[in-house]
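Asker: Here it is: the structure, laid out below.
The values are calculated or read from the model by the stated rules, or taken from the named source; none is laboratory data. All figures in this text were calculated on a predicted structure; none of them were measured in a lab. Please note: Cβ atoms are built from the backbone with ideal geometry, for glycine as well, and neighbour counts cover all protein chains shown. Only protein heavy atoms, including side chains, enter the accessible area calculation; ligands, DNA and RNA are left aside. Shrake-Rupley method; radii C 1.70, N 1.55, O 1.52, S 1.80 Å.
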Amino acid sequence: MNVLVVGGAGYIGSHCVRQLLAAGHQPVVLDNLVYGHRAAVPAQVPFYAANLGDAESVKNILRKERIELVMHFAAYCYVGESVHEPLKYYENNVSATLRLLGAMLEVGVKKFVFSSTCATFGVPAKLPITEDTPQAPINPYGQTKLDIEQVLKALAVAKGLSFAAFRYFNAAGASEDGSIGEDHCPETHLIPLAFDAATGRRPALQVFGTDYPTPDGTCQRDYVHVDDLSRAHIAAFPKLAEPGKGHFFNLGTGKPFSVREIIRAVEKVTGLTVPVVEAPRRAGDPPALYADSSKAQRELGWVVKFPDAESIIATAWRWHKARPEGYGDKA
Ligand code: UDP
């Protein structure tokens, strides 16, 4: 299929572009390069530097490239920032996404794959989190993603949109050949920051909160390899053949790792010590989030290739060692 990957120069989008090529699809990338990296997109993939909310540009690209399906990865994704800058999150993650969906429907493209998040669940009453767990986000980031999930359901009924929405747990790792990986500016994610602390690029890693109701007092998360995520997206394409149907899947390995456990795993993989300082809780962080992904396994035949933190961290470390500055294109 001809697939428009919105945000295809970003972390998860760029890995998905590689997986699309490997699966024999034709990806086309749209990215405004605010957070994305041109070098993360292979040269043979058509690339458009445009905003996802620019409906005229989107319509032109959809027509010109004969796009059959749109995958949307272009979101602001910092939980803490969303608490302090909610308008930025509503404008990009909601308003611009509505314009993207409007442009698709005008042109008649009715297949959509959406990056949602475990942050839509807030502080769940029960763990692990299934697709039926009630959603009650505790930060604007999660709320913006839930808003779009609800818009998608309405568009399935009203306009025959077919969609798959994936609630990612904590995307981590890098491509196995070490050629692309995580490079956020600013970097806020645990594993790359732990590498920076281990290698002396930062003085220490801050541990945000040590008084959570978890076994060691630090937050537990479900780290899932970015290539495993991408494979689930592509496995969902056949499901989109039926018009007006929506599918939700939680994607995680199902195993919780605390911040301290991740630090130990980083030390084991790198052979280095991670200097840490204890810091207050970060706004918007729930104590524990981990997935029940049995629906994706059952319905998509999804098999997790990287089931544990160390195997995921090993791929991220290969990328980080090769490119400690990342792509080197951001200030
Ligand atoms: N975290 C931390 N120190 C950092 C960055 C993150 O203790 O410098 C914690 C954070 O509070 C959360 C976990 O690590 O409990 C994962 O955070 P990250 O930002 O990597 O992903 P998120 O859960 O926000 O998607």
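Asker: Select from segment 274-328 the residues that are assigned to a helix (DSSP H, G or I) and surrounded by fewer than 20 Cβ atoms within 10 Å (Cβ to Cβ) and list them in ascending order.
Answerer: In the first step, residues of segment 274-328 are kept if they are assigned to a helix (DSSP H, G or I); the result is 294-300, 309-322.
Hits for segment 274-328 are Ser294, Lys295, Gln297, Arg298, Glu299, Glu310, Ser311, Ala314, Arg318, Lys321, Ala322.
Asker: Continuing with this model, one more query. Is it the case that some residue within segment 10-26 is among the small types (Gly, Ala, Ser) and closer than 20 Å to Gln143 by Cα?
Answerer: So in segment 10-26, the residues among the small types (Gly, Ala, Ser) come out as 10, 13-14, 22-24.
Applying the additional criterion that residues be closer than 20 Å to Gln143 by Cα yields none.
Looking through segment 10-26, none of the residues is among the small types (Gly, Ala, Ser) and closer than 20 Å to Gln143 by Cα.
Asker: Pick out the one residue from Ala204, Ala198, Ala194 that is small (Gly, Ala, Ser) and more than 11 Å from the ligand (Cβ to nearest atom). Explain how you work it out, then say what you get.
Answerer: Values: Ala204 fails: more than 11 Å from the ligand (Cβ to nearest atom); Ala194 fails: more than 11 Å from the ligand (Cβ to nearest atom).
The match here is Ala198.
Asker: Another question, then. Quick check on segment 191-214. Is at least one of its residues within 15 Å of Ala174 (Cα to Cα), of a type outside the set (Gly, Ala, Ser) and touching a Lys or Arg at 6+ places or on another chain (Cβ under 6 Å)?
Answerer: no
Asker: Return a yes/no flag: does segment 250-266 have any residue that is away from the ligand (no atom under 15 Å from the Cβ) and either in contact (Cβ under 8 Å) with a residue 12 or more places away in the chain or among the aliphatic types (A, V, I, L, M) (or both).
Answerer: Of the residues in segment 250-266, the ones away from the ligand (no atom under 15 Å from the Cβ) are 254.
Filter once more, keeping what is either in contact (Cβ under 8 Å) with a residue 12 or more places away in the chain or among the aliphatic types (A, V, I, L, M) (or both): 254.
Checked segment 250-266: at least one residue is away from the ligand (no atom under 15 Å from the Cβ) and either in contact (Cβ under 8 Å) with a residue 12 or more places away in the chain or among the aliphatic types (A, V, I, L, M) (or both).
Asker: Which pairs turn up if I take residues in segment 29-41 that are under 15 Å from Gly326 (Cβ atoms) and look for partners that are acidic (Asp, Glu) and part of a strand (DSSP E or B) with beta carbon separation below 6 Å, at least 6 apart in sequence or on another chain?
Answerer: none
Asker: Report, by residue number, each residue of segment 250-261 that is open to solvent by 10 Å² or more (accessible area, probe 1.4 Å) and touching a helix residue (DSSP H, G or I) at 6+ places or on another chain (Cβ under 6 Å). Lay out the reasoning, then the answer.
Answerer: Initially, segment 250-261 is screened for residues open to solvent by 10 Å² or more (accessible area, probe 1.4 Å), giving 253-257, 259-261.
Within segment 250-261, Phe257 is the sole residue that qualifies.
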